[in-house]
Amino acid sequence: MADKENTEITYKVLLLGDSSVGKTCFLKRYIDNTFQDAYLSTIGFDFKFKNVTLKDGKKVKVQLWDTAGQERFRTIAKSYYKGAHGIVLIYDVTSKRTYENIRKWLNQIKEEASNRISIILVANKIDCEGEREVSKEEGENLATTSGLTLFEASAKDSINVNESFQYLIEKISEKYANINSNTTKLNNSKNEKKGCNR
Ligand code: GTP
C-alpha cells in the first residue's frame, strides 16, 4: 500500500482535446508506461489515480480524467470541470484542425472551469515528423498568446509525457500552497482583529 498518510492532498486533472489527439495514450504512457496503436474511442470518461512526489519531497495524489473528445460527448464533459485543479490540453501535430480547435477548448474552459485552474498545452505525436501539419513555432505562438506553457510530446516514443504532468502538478501545488498560506494569513489577521475588539 502507498504511504496513505503522506498522500492526503488529491488534485483533479483533466485531459482535454479533440477526438484521437492521443489523450488515452498519453495517460496510459504516464500511468503504466505502455502504448497501444489500436484506436478505441473513449466513451464518456475514465479516470486513474497516481501518487506523485513533488520536487520538495511532498507527496500528492492525482486523479486523472480521460475525457471523450467527440463532439457528442462535449456537453456531458462540462460536468467534469467541477473541482478540477488542472488541465492537459492536447492537440495532434499531424492535424491542423485539432490545433485550431484549441481556441474552442479554451473558451469552454473559461466558461466552465475555476479561474484558478492551471493549464498546459501539449502538442502530441511529434514522432510523426513527416506528417506534421503544425510547426513547433505555430504551437509556441498559440501558447504565448494564450499564456500557456507548451510541451511538444509523443505518447508513442515517450517524449515529454512525465515532464509535462510533473510540471503541471508542481504548478497546481504552488498555486494551492499560495492560496492556503493566504488563507492562513487571513485567518490570523481575523484572529488578531478579534483580539483587538475585546
Ligand atoms: P478519443 O477517445 O476519441 O477522444 O481519442 P483520444 O484523444 O483518447 O486518442 P487515443 O489515445 O485513443 O489515440 C488515437 C490514435 O492516435 C490511436 O491510434 C493511437 O495509437 C494514436 N496515437 C496516440 N498518441 C500517439 C503518438 O504520440 N504518436 C503516434 N504516432 N500515434 C499516437
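All of the numbers you see were taken from the coordinates with simple rules; none came from a lab. Being a predicted model, the structure only gives us computed values, none of them experimental. For neighbour counting, all protein chains shown are included, and Cβ atoms are generated from backbone atoms with ideal geometry for every residue, glycine included.
Points worth noting:
- Cα-based Lys proximity count in the stretch 77-133, under 25 Å, for pairs eight or more positions apart or on separate chains: 9
- Amide H contacts of Glu133 (H built 1.01 Å from N, in plane; Pro and chain starts excluded): Thr94, Ser95 sit under 5 Å, all sequence-distant by 5 or more or on other chains.
- Highest to lowest packing among 163-171, 57-65, 14-22, scored as the average C-beta count within 10 Å: 14-22, 163-171, 57-65
- Around the amide H of Ser118, modelled in the peptide plane, lie the amide H atoms of Gly86, Ile87, all under 5 Å away and 5 or more residues distant in sequence or on another chain.
- Of the peptides 97-103, 141-147, the ranking by mean beta-carbon count within 10 Å, highest at the top, reads 97-103, 141-147.
- Spatially, the stretch 77-96 and the stretch 128-170 are offset by 13 Å when compared through their Cα centroids.
- Overall form of the stretch 87-147 per C-alpha gyration tensor (a/c, 1.5; a/b vs b/c): prolate
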